[in-house]
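Inspection log for the structure reproduced underneath, given as structure tokens.
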Amino acid sequence: MTKKQAAAEALKPRKTPLQQRSAETVTVLLEAAARILEQRGFEGFNTNAIAERAGVSIGSLYQYFRSKDALLSGLIEREVAPLLAVSENLEQHSTFRAALKSYIGASIRHQMKRPKLARLIDVAEKREAFKSQVSGTTSRLEVMMKKMLSLPDAPKVPNHDVAAADLLALMRGLIDAAGERGEGESNELLQRTEGAVWGYLRSYAKKPCKALRT
């Protein structure tokens with residue numbers, strides 16, 4: 001096993017919870033980890049504090065997570081799940097505009113529901129330890145965005161790969177910045193983000209289409 005593979009393995013849960021009780025324990029541990037991170041930041045984020053907050057023994061914690069980084073990895077996965085769920089429900093949206101609005105709405109809810117936690121996780125994602133995990137998540141989101149850009153009414157952009165990466169970066173940047181300013185979830189933020197996306201698409205689309213003119 002290479003050093004990179006070993007580092008990735010260290011972030012994985014020790015075992016997959018198959019029974020309801022085990023799954024509930026993992027849920028409790030991750031929520032305890034989230035609350036410790038929110039309240040104490042990275043300096044106070046440790047397995048002893050998380051086990052105490054969760055009401056379990058440190059031994060029980062280590063049955064599921066090898067380290068505090070493994071818990072952070074689990075939090076990263078938990079927090080991005082609503083965004084990935086949009087891709088699973090993409091077939092429910094018959095138009096690009098509807099799919100885009102659904103994704104932007106999910107992104108805003110994700111960032112604004114617990115803004116401090118979201119910002120701290122954003123910081124954690126920049127660490128080398130989570131590079132592979134974050135890269136995998138980004139790839140999945142880009143696949144989702146390219147599916148959206150392939151919908152019949154979507155603007156015809158020259159390069160789906162470029163457009164998908166640009167759109168994800170644009171939306172994340174705007175929503176993250178709003179959260180840092182203390183904004184909450186609002187229709188105004190949704191409209192501003194949609195407007196920025198359509199502005200980008202107008203400049204990058206091969207030719208005008210109905211979706212861009214409305």
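The values are calculated or read from the model by the stated rules, or taken from the named source; none is laboratory data. Note that the coordinates shown come from a computational prediction; the quantities given were computed from them, not determined experimentally. Cβ placement follows ideal geometry from the backbone for every residue including glycine, while neighbour counts extend to all protein chains displayed. The protein model used for the area step is the full one, side chains on, heavy atoms only, and it has no ligands, DNA or RNA in it. Shrake-Rupley method; radii C 1.70, N 1.55, O 1.52, S 1.80 Å.
Taking the condition at pLDDT 90 or above, within 13 Å of the chain's Cα centre (by Cα) and aliphatic (A, V, I, L, M), does L61 pass?
No.
If I filter the range 22-58 down to residues being at pLDDT 95 or above and either basic (K, R) or in contact with a Phe, Trp or Tyr (Cβ under 8 Å, 6 or more places away or on another chain) (or both), which single residue comes out as surrounded by the fewest Cβ atoms within 10 Å (Cβ to Cβ)?
Filtering the range 22-58 for residues that are at pLDDT 95 or above and either basic (K, R) or in contact with a Phe, Trp or Tyr (Cβ under 8 Å, 6 or more places away or on another chain) (or both), the one surrounded by the fewest Cβ atoms within 10 Å (Cβ to Cβ) comes out as R40.
Just to be sure before I move on: is V123 assigned by the TED database to the domain that holds V80, among the β-branched types (V, I, T) and open to solvent by 60 Å² or more (accessible area, probe 1.4 Å) in the structure I sent?
yes
So G182 clears everything in (1) on the phi > 0 side of the Ramachandran plot; (2) of a type outside the set (F, W, Y); (3) surrounded by 13 or more Cβ atoms within 10 Å (Cβ to Cβ) except one condition, right? Which one?
Among (1) on the phi > 0 side of the Ramachandran plot; (2) of a type outside the set (F, W, Y); (3) surrounded by 13 or more Cβ atoms within 10 Å (Cβ to Cβ), the lone unmet condition for G182 is (3).
Return the pairs, sorted by first residue and then second, in which the second residue is surrounded by 16 or more Cβ atoms within 10 Å (Cβ to Cβ), the first residue lies in the range 87-105 and is β-branched (V, I, T), the beta carbons are less than 7 Å apart, and the residues are 6+ apart or on different chains.
Partner pairs satisfying both residue conditions: T95/L151; I104/M171; I104/L190; I104/T193; I104/E194.
Have a look at F45, F65 and point out the one that is free of Cβ contacts under 8 Å to residues at least 40 places away in the same chain and aromatic (F, W, Y).
Going through F45, F65 in turn, the sole match is F45.
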